[in-house]
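What follows is one structure encoded as structure tokens, with my remarks underneath.
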Amino acid sequence: MLWLYILLGIALFVALVMFIPITLRASYKEEFWCAVYIGFVKLQLVPAKPKKEKKKVKKQTPKTEQPKKATEKKPSLIKKYGIEWLLNLIKRVAELAVSALQDFFSHILIKKFSLSISVAGDDAADTAIKYGKYCAVVYPAVGTIVRVVKCKGYGVDINPNFSEKAETEINFDFVARVFVFRLIALAVKHGIKGLKLLAEVKNEL
């Protein structure tokens with residue numbers, strides 16, 4: 001019976017690990033801040049924590065001259081297999097990468113997406129031009145993100161500020177989550193496809 005309890009314990013531990021959430025939090029208000037949470041463990045990415053400098057003792061070793069070996073240039077892949085083969089390989093790799101990215105983003109849940117921009121320029125005309133440029137870039141970009149990724153809630157607010165001596169201000173708050181088992185499933189699925197592609201390329205070479 002002991003081995004059964006051990007197996008159940010291992011299965012329970014694996015299940016708990018698989019359902020650990022990985023959360024990305026980012027914000028901007030005068031300074032950019034970003035951190036990844038793996039469960040309750042926080043890994044701060046930006047600003048990075050200063051590392052302690054370690055003093056390295058350089059060891060002086062006598063330099064010995066080694067005879068230079070004559071290297072023979074190998075023929076390039078284009079010359080050996082043709083441009084069509086290389087283009088086909090690039091196409092297959094690109095298709096695999098796009099499929100993996102689409103799969104990855106489809107499993108991400110954006111829990112919070114808040115962006116507020118107060119646009120200011122040198123004068124009223126400059127402010128109006130900058131406001132139009134911001135809107136032309138930000139709104140389509142956010143629309144694309146919302147279509148690709150599952151989004152629980154988001155808000156975008158862009159307003160022109162015609163006050164004198166005003167400066168452009170940006171406030172950003174972002175929280176996204178994905179579970180460990182999703183990442184493992186994606187790694188296995190697309191990893192197998194990648195290995196198959198690598199095996200096919202090796203057979204062709």
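Where a number appears in this text, it was derived from the coordinates with a stated rule and is not lab data. Only a predicted model underlies this, so the values are computations on that prediction, with no experimental measurement involved. All Cβ positions, even for glycine, are placed from backbone atoms using ideal geometry, and neighbour counts span all protein chains on display.
What to note about this one:
- Local electrostatic count, Asp173, Cβ distance below 13 Å [Lys/Arg +1, Asp/Glu -1]: +3
- Summing charges over all other residues whose Cβ lies under 12 Å from the Cβ of Lys112, with Lys and Arg as +1 and Asp and Glu as -1, gives +3.
- Applying both filters, DSSP loop and at most 15 other Cβ atoms within 10 Å, to the GluC sites (Glu not before Pro) of the stretch 103-174 gives Glu164, Glu167.
- Loop-located chymotrypsin sites (Phe, Trp or Tyr not before Pro) in the stretch 122-205, at most 16 other Cβ atoms within 10 Å (DSSP): Phe162
- Cross-link pairs beyond the 25 Å C-alpha cut-off, checked among Lys91/Lys150; Lys91/Lys196; Lys42/Lys152: Lys91/Lys150
- Full-extension gain in nm, Val36 to Val98, via 0.36 nm per residue minus C-alpha separation: 19.9 nm
- For Ile158, residues with placed amide H under 5 Å, excluding near neighbours: Ile117
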